[in-house]
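Participant: I have a structure here, written as structure tokens, and I will follow up with some questions on it.
The values are calculated or read from the model by the stated rules, or taken from the named source; none is laboratory data. Worth saying up front: this structure is predicted, and the values here are computed from it rather than measured. No Cβ is skipped: glycine too gets one built from the backbone with ideal geometry, and neighbour counts run over all protein chains shown.
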Amino acid sequence: MRCHVYALHTRELALLVPNILHFPQAYFWYAAVMIVVYPVGIPLLYATLLFNQRHVLSNKEAMGREATNGFPITGHIRFLTDPYKVMSMFILKIFINMA
């Protein structure tokens, strides 16, 4: 097996690696905003969705009616609640009751 070593000239290297100083300002600010939005905004959105439906989620009878009717009220947040087991739901109820 033979390795090939390629010598790159300065101009070729400049084409391959973009210069950070010439990065467009609009992309810089977009990236800066998205760095804040993703780790803060997504958990805040999930917390808001759960908090708004806390009365239905914490009531076993209401969740039974939801299941019977095909989850018309909480169907959009089932992906947040379905994976959790009974113990996790118990901890969630503690946090809901604290609010």
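Participant: Being without any contact (Cβ under 8 Å) to a residue 24 or more places away in the chain and surrounded by 11 or more Cβ atoms within 10 Å (Cβ to Cβ) is the filter here, so list the residues in segment 56-85 that pass it. Explain how you work it out, then say what you get.
Facilitator: Narrowing segment 56-85 to residues without any contact (Cβ under 8 Å) to a residue 24 or more places away in the chain: 56, 59-75, 78-79, 82-85.
Scanning segment 56-85 gives VAL56, ASN59, ALA62, MET63, ARG65, GLU66, PHE71, ILE73, THR74, GLY75, ARG78, TYR84.
One line per residue, one yes/no per condition, for (1) among the polar types (S, T, N, Q); (2) modelled with pLDDT of 90 or more:
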position: GLN25; (1), (2): yes, no
position: TYR30; (1), (2): no, no
position: VAL36; (1), (2): no, no
position: LEU45; (1), (2): no, yes
position: LEU57; (1), (2): no, no
position: GLU61; (1), (2): no, yes
position: THR68; (1), (2): yes, yes
position: PHE79; (1), (2): no, no
position: ILE91; (1), (2): no, no
